1. If packing is taken as the average number of other Cβ atoms within 10 Å across a peptide's residues, how do 2-9, 99-106, 26-33 rank, most packed first?
2. Would you grab the residues whose amide H sits under 5 Å from the one on residue 81? Only those 5+ places off in sequence or on another chain, please, with H modelled 1.01 Å from N.
3. Give the long-range amide H neighbours of residue 86: residues separated by 5 or more places, or on another chain, with amide H under 5 Å away, using H modelled in the peptide plane at 1.01 Å from N.
4. Could you tell me what fraction of 2.2 N^0.38 Å the Cα radius of gyration of the chain comes to, as a two-decimal ratio?
5. Tell me the per residue accessible area of the chain using a 1.4 Å probe; a whole number in Å² is fine.
6. Quick one: compute the contact order of the chain, relative version, from alpha carbon pairs under 8 angstrom and 6+ residues apart, as a percent.
7. Per residue of the stretch 107-118, what does 6.51 cos²θ - 1.76 cosθ + 1.60 with θ = phi - 60° give for ³J(HN,Hα)? Whole Hz please, x for Gly and Pro, Karplus curve as stated.
8. I'd like the Karplus ³J(HN,Hα) series for the stretch 242-251: coefficients 6.51, -1.76, 1.60, θ = phi - 60°, whole numbers in Hz, and an x wherever there's a Gly or Pro.
Amino acid sequence: MINFAVGEWIMLGALLAGAGYYVLGLGLAGAILLAAAGMAAFGAAFNGIVVGRLTGQPIISLIMVTIGLGAVMRGSGAFVFAGVPGGLPLPIAPEPLLLNGFPVSTEKLLAAVIAAAGVALLGAFYRYSRTGVALRAIADDANAAAGAGIDVHRQFAIVWAITGVTSAVAGILWIFVNGGGFGAALVGLKIFPIAIIGGLDSVPGTILAAMLIAIFESLGAGYLDPHLGPGFGTISSYLLLLAMLMARPYGLFGQEPARRV
């Protein structure tokens with residue numbers, strides 16, 4: 001299931017962290033725990049109320065639900081969290097580091113290290129844990145997994161709770177590096193082409209696709225915007241997505257669906 005509201009989930013995680021730190025005075029650790037627990041509960045509730053009722057329905061139903069959820073979250077979030085700063089002021093020196101004479105932003109370096117650790121942790125979880133194996137079996141064939149004794153609904157609740165925690169961490173890091181508050185919801189527009197280009201079943205492919213899109217957007221902004229108008233670089237990722245769908249629909253590292261012959 002592709003969650004088109006993932007940008008809004010990231011936004012909500014960052015706002016929950018900001019509310020815990022600035023409004024409730026929970027401190028850095030308390031605010032992070034509040035955001036993680038709140039988003040895990042939100043993910044589990046979304047699974048129980050929405051996903052569980054739409055299991056087995058046409059895929060367009062799931063897509064429209066996530067699009068509608070994103071619109072509701074943007075509207076209600078602006079009302080509920082009015083005046084609340086998003087994200088957290090992480091305790092790190094603002095001065096850049098000099099690596100072989102090149103200045104490197106400490107904020108971006110810290111965010112990259114935490115993101116890499118999170119990717120490695122999730123990858124190991126899906127590859128080696130019993131829950132991860134069960135989730136991969138469900139993704140391959142939910143009916144066969146259920147017939148083998150896997151509790152599909154319980155595993156769905158777990159994966160949506162993990163999605164919530166991941167969204168909270170991503171939101172905190174995104175706003176720490178780029179700022180933006182409610183603008184963090186726009187990051188969801190970049191995630192869809194990243195997932196498709198890299199391959200829906202490949203974590204390394206997703207990482208490589210994110211780097212490719214970042215390079216394409218930077219080159220587009222530098223070389224195309226002056227000639228084609230401002231903002232053209234931001235759509236370069238979708239041009240790359242169209243090219244990938246025509247050449248290799250299952251992504252760079254995705255597995256081609258097996259066919260009976």
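1. Working: 2-9: 23.0, 99-106: 9.9, 26-33: 15.8.
Taking the mean over residues of other Cβ atoms within 10 Å, the ranking is 2-9, 26-33, 99-106.
2. Amide H neighbours of residue 81, under 5 Å, 5+ apart: none.
3. 181
4. The chain yields a ratio of 1.07.
5. Numbers: 14990 Å² over 261 residues.
Normalised by residue count, the accessible surface of the chain is 57 Å².
6. Details: 334 pairs, mean separation 68.5, N = 261.
Relative contact order, the chain: 26 percent.
7. Computed from phi, the couplings for the stretch 107-118 are 5, 5, 5, 5, 4, 5, 5, 5, 5, 5, 5, x Hz.
8. For the stretch 242-251, the Karplus curve yields 4, 5, 5, 5, 7, 8, 8, x, 8, x Hz.
The values are calculated or read from the model by the stated rules, or taken from the named source; none is laboratory data. Quick caveat: nothing in here was measured; it's all calculated off a predicted structure. Cβ sites come from the backbone with ideal geometry, for glycine too, and all protein chains shown count toward neighbours. These accessible areas exclude ligands, DNA and RNA; they are computed on the full protein's heavy atoms, side chains included. Shrake-Rupley method; radii C 1.70, N 1.55, O 1.52, S 1.80 Å.
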